[in-house]
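Enquirer: Sharing a structure below in structure tokens format, with a few things to ask.
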Amino acid sequence: MTRGDREAFGVLVQRHQDRVFNLAYQVVRNREDALDVAQEAFVKAYASLPGFKGDASFTTWMHRIVVNLALDCLRRQRRGDPTVYDDRLAVSDEAVQSLAAPDDPETALEARRVRSLLGRGIEALPPAHRAVLILRGIEGSSYEEIARAVGCSLGIVMSRLFYARRKLQKVLRPNLDDLR
């Protein structure tokens, strides 16, 4: 690639790096793994850019790369790959929170409890369900964009989203009374 191509790709990286990291983090639920997935995704995108046809938006194409790499990362962890370091307990939820803390201490405490509960619920989801829930609920992707990003049919996306929401409700419902 020419210098201009590299500079243009640098602009794409700057534009998408936060979104790529956030998506990776929401799937793998570990800061270090998410950083690795994000970096690997940009390397893979750079190498594959000449083959990018533009059938989908760059964002959708990038989401597909990120989701696939994040799911691969989780599969490696399940197999017990010795090269995977899991420091989930060492990373606090506050380190990755993107929401500003409210001024009122009681409201801030309640918001932190809700985020923690929601994080545990999302973490309990199977990775494929977690990915579609994050793409829809956090990234705001359309069903069609999600189908392209995760490489499945629209019906499967809707099914996974339905079951993800249902399971999340089951996790959240018993704890909602404590928050009121």
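Enquirer: Whether any residue in segment 158-169 is part of a loop (DSSP other than H, G, I, E, B) and either modelled with pLDDT under 85 or more than 22 Å from F21 (Cβ to Cβ) (or both) is what I want to check.
Expert: Checked against the condition, which is being part of a loop (DSSP other than H, G, I, E, B) and either modelled with pLDDT under 85 or more than 22 Å from F21 (Cβ to Cβ) (or both), segment 158-169 yields no hits at all.
Enquirer: Restricting the search to segment 129-146, which residues are surrounded by fewer than 19 Cβ atoms within 10 Å (Cβ to Cβ) and either part of a helix (DSSP H, G or I) or among the hydrophobic types (A, V, I, L, M, F, W, C) (or both)?
Expert: G137, I138, Y143, E144
Enquirer: Take D18 and tell me if it is at pLDDT 90 or above, part of a helix (DSSP H, G or I) and touching a Cys at 6+ places or on another chain (Cβ under 6 Å).
Expert: Spelling it out, it is not the case that D18 is at pLDDT 90 or above, part of a helix (DSSP H, G or I) and touching a Cys at 6+ places or on another chain (Cβ under 6 Å).
Enquirer: Oh, and also: Take the residues in segment 1-45 that are touching a residue at least 40 places away in the same chain (Cβ under 8 Å) and β-branched (V, I, T), then tell me which one is farthest from R130 (Cα to Cα).
Expert: V20
Enquirer: Also, I was wondering about something else. Please give the number of the condition F52 fails out of (1) hydrophobic (A, V, I, L, M, F, W, C); (2) closer than 30 Å to D5 by Cα; (3) at pLDDT below 85.
Expert: Here F52 clears every test but (3).
Enquirer: If you go through segment 43-65 one residue at a time, how many are under 12 Å from the mean Cα position of the chain (by Cα) and either farther than 20 Å from A8 by Cα or among the acidic types (D, E) (or both)?
Expert: So the count comes out to 1.
The values are calculated or read from the model by the stated rules, or taken from the named source; none is laboratory data. Note that the coordinates shown come from a computational prediction; the quantities given were computed from them, not determined experimentally. No Cβ is skipped: glycine too gets one built from the backbone with ideal geometry, and neighbour counts run over all protein chains shown.
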